[in-house]
Amino acid sequence: MTAGNLLALRQRHAVRLLAWSSVAQSGYILAPWAWPPRPAPPPRARRSRTWSSTRR
C-alpha cells in the first residue's frame with residue numbers, strides 16, 4: 001500500500017497516477033483478509049430452567 005502511494009506521487013501523467021493510486025486502494029480493501037480470524041468463543045452452558053421458573 002505504501003509503495004503504491006509513493007509510486008503514485010512520482011508520476012507526471014494522470015493516468016499512471018490513478019493506476020498506482022488504485023493499486024494502493026486495493027491494498028486497503030484487501031488488508032482485512034490478511035489478518036487472522038478470531039477464535040470462536042466457547043459454547044455457553046445450557047440451563048434447563050429459566051430464572052422466572054426458579055423464583056418462589
How far, in nm, would the chain grow between Ala31 and Arg10 when pulled straight, counting 0.36 nm per residue and subtracting the alpha carbon separation? 5.2 nm
If we sort 34-41, 12-19 on the protection proxy, mean other Cβ atoms within 10 Å, highest first, what's the order? 12-19, 34-41
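Read-outs throughout are calculated quantities, based only on the coordinates presented, and are distinct from any laboratory measurement. Bear in mind that the values here come from a model prediction, so they are computed numbers and not experimental data. With ideal geometry, Cβ positions are generated from the backbone for all residues, glycine too; neighbour counts draw on all protein chains shown.
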